[in-house]
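Visitor: Quick one: structure below, then a few questions.
The values are calculated or read from the model by the stated rules, or taken from the named source; none is laboratory data. Just so it is clear, the structure is predicted and the values come from calculations on it, not from any experiment. Ideal geometry is used to build each Cβ from the backbone, glycine not excepted, and the neighbour counts take in all protein chains shown. Remember, those area values only see protein heavy atoms, side chains included, never the ligands or the DNA or RNA. Shrake-Rupley method; radii C 1.70, N 1.55, O 1.52, S 1.80 Å.
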Amino acid sequence: MRRHRVSTRAWHWLNVVAVFTLLMSGMTIFNAHPRLYWGQYGANPDQPWLHIYATRGGEGVLRVGSVEVETTGVLGVWEKDGRTQTRAFPHWMTLPSHYSLSSGRKYHFLGAWLLVIAGVLYLLWSLANRHVWRDLLPSRKEIAPRHLWHDIKDHARLRLPRGEAAARYNPLQKLAYLSVLFVILPVIVLTGLGMSPMMNASWGWILDLFGGRQSARSVHFIAAFLLVAFIVLHLLMVVIAGPVNEIRSMITGRFRLPPEKGDTP
Amino acid sequence: MIIGRRKLIAGLGAGIALGGCQKILETEPADGLASSLDLFTRDAQRLVTDRNALAREYAPEERSPDFRANGSRTVDTPEYRRHLANGFADWRLTVGGMVARPLSLSIADLQQMPARTQITRHDCVEGWSAIGQWTGTPLSHLLRLARISDRARYVLFRCADSFGDTPYYESIDMIEAMHPQTIMAWRMNGQPLPERHGAPLRLRVERQLGYKHAKYVTGIEVIEDFRTIAGGKGGFWEDRAGYQWWAGI
């Protein structure tokens, strides 16, 4: 059977490129000042709520609020080609793989334009062809607490829909996609713009919405972290649901329905 | 067991994808495309914003208790020590280039002119911000006084500080130069501009990132093109480390 329109498939793979470019170059930019603050201002003399650093003793530390976690080898202190480095995120997570703030920013804006242009086109298209209403918005029945709880239990037991039901998005899946599409991505774009001094002058409402530039920077980072969590869950679900069939359906649009229990394949 | 193997394959795939992403973006075409986006971003920002929109101004109690100093924190020459010792009485600011009336002004001259005081946020390209109060002479006042040519497109700032043998400089376009909050500041938080913040004179260009805010300014040059000056990219960090000339984002 056919699943996923061309617009959905094209947007999906464009996003793979844009989002990975953004996440990795974003970590390069974070490495320039690995502290996050709340409020309008925040710099080295001020108190960050999140800080990744190296101790004098050569240990990597992640501090969130008053909780400190030793992260030597991964965050704060790590090795590249046998040499110890003391940047926050390690080379294999960042773009470029060596530290260059200007290159990181360049790639970040390239990814940002790709994400925003493709995202706006996809959104308009999905509203026009009613993809949002037909496939993404859950019905009232689907978001009834009992129904949702049932769906959560099914996910926890890795009991995924089979037969015809597998061709449609299930309620938890719909909620996950909707929150990425209408909450996380818009928040990421707005907080990104909220860090631009030029945009701040004309669109001061973004500063008011998030409570200042440093708060916007913090929310930008948290939203990116949530996006990573979504991607991890998403990939996990693809693997559990049958990676070959799922990936093929996102490339060619052809999807083989998993047979109902008891049917012979 | 099957899931284990699939996970392993997926993991390997992700690893290759990450490494590939790093490699592809480091090639010429991808890098060139990314670089040309600089001015595209500027044009897009100008399209959706008011060119005279003011940067946010804050209340005195919203200022940073300790304003971080960055970049050069002094000028390491005997000449600058002498200026520092006599309170910059002999410091001169020249205004030249494409002007009908070149100027040479002392700090006292500047302080006789109309002044503007503003409490604004300084945003470093690295990600941190600090809020402080600045008082200075509007750059637009100086440019009008010097009667700039119609062909003028950029304003370039020459600085006394240098990194190694390379002097600091920066440039902005006429829209940012004529903006009412763009000032040559000689006071900070009610005190004469401190040494580490660029004494006696620094640029404040409030809708741009920190590296544009040239410190220890000695000369203002009105120009048509910056490609023939120094490294040709319009500023010290632009030449040295590839920082974007457009620093509005």
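Visitor: Any idea which residue in region B:160-202 is most open to solvent (accessible area, probe 1.4 Å), counting only those that are of a type in the set (A, V, I, L, M, F, W, C) and within 14 Å of another protein chain (Cβ to nearest Cβ)?
Guide: It comes out as B:Ile175.
One line per residue, one yes/no per condition, for (1) among the hydroxyl-bearing types (Ser, Thr, Tyr); (2) open to solvent by less than 50 Å² (accessible area, probe 1.4 Å); (3) in contact with a strand residue (DSSP E or B) (Cβ under 9 Å, 6 or more places away or on another chain); (4) part of a strand (DSSP E or B):
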residue	(1), (2), (3), (4)
B:Glu79	no, no, yes, no
B:His83	no, yes, yes, no
B:Ala89	no, no, no, no
B:Thr94	yes, no, yes, yes
B:Ser104	yes, no, yes, yes
B:Gln111	no, no, yes, no
B:Pro114	no, no, yes, no
B:Gln118	no, yes, yes, yes
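Visitor: With (1) open to solvent by less than 50 Å² (accessible area, probe 1.4 Å); (2) at pLDDT 95 or above as the list, and A:Arg3 as the residue in question, which single condition is left unmet?
Guide: For A:Arg3, the failing item is (2).
Visitor: Within region A:86-115, can you find the residues that are in contact with a strand residue (DSSP E or B) (Cβ under 9 Å, 6 or more places away or on another chain) and surrounded by 17 or more Cβ atoms within 10 Å (Cβ to Cβ)?
Guide: Listed by number, the residues that qualify are A:Arg87, A:Ala88, A:Phe89, A:Pro90, A:His91, A:Ser97.
Visitor: Take the residues in region B:120-154 that are part of a loop (DSSP other than H, G, I, E, B) and within 13 Å of chain A (Cβ to nearest Cβ), then tell me which one is farthest from A:Asn200 (Cα to Cα).
Guide: Here the residue is B:Glu126.
Visitor: Which of the residues that make up region A:11-48 are open to solvent by 50 Å² or more (accessible area, probe 1.4 Å), under 24 Å from A:Gly211 (Cα atoms) and in contact (Cβ under 8 Å) with a residue 60 or more places away in the chain?
Guide: A:Trp38, A:Tyr41
Visitor: Then there's this: Which ones in region B:159-190 are under 24 Å from B:Pro114 (Cβ atoms) and out of contact with any strand residue (DSSP E or B) (no Cβ under 8 Å at 6 or more places or on another chain)?
Guide: Selection gives B:Ile175, B:Glu176, B:Met178, B:His179.
Visitor: What single numbered condition from (1) under 18 Å from the mean Cα position of the chain (by Cα); (2) open to solvent by less than 50 Å² (accessible area, probe 1.4 Å); (3) not assigned by TED's automatic domain parsing to the domain that holds B:Asp161 fails to hold for B:Arg68?
Guide: Tallying (1) under 18 Å from the mean Cα position of the chain (by Cα); (2) open to solvent by less than 50 Å² (accessible area, probe 1.4 Å); (3) not assigned by TED's automatic domain parsing to the domain that holds B:Asp161, B:Arg68 fails exactly one: (3).
Visitor: Just give me the residues in region A:212-265 being surrounded by fewer than 17 Cβ atoms within 10 Å (Cβ to Cβ), small (Gly, Ala, Ser) and under 18 Å from the mean Cα position of the chain (by Cα), in sequence order.
Guide: Of everything in region A:212-265, just one residue is surrounded by fewer than 17 Cβ atoms within 10 Å (Cβ to Cβ), small (Gly, Ala, Ser) and under 18 Å from the mean Cα position of the chain (by Cα), namely A:Ala229.
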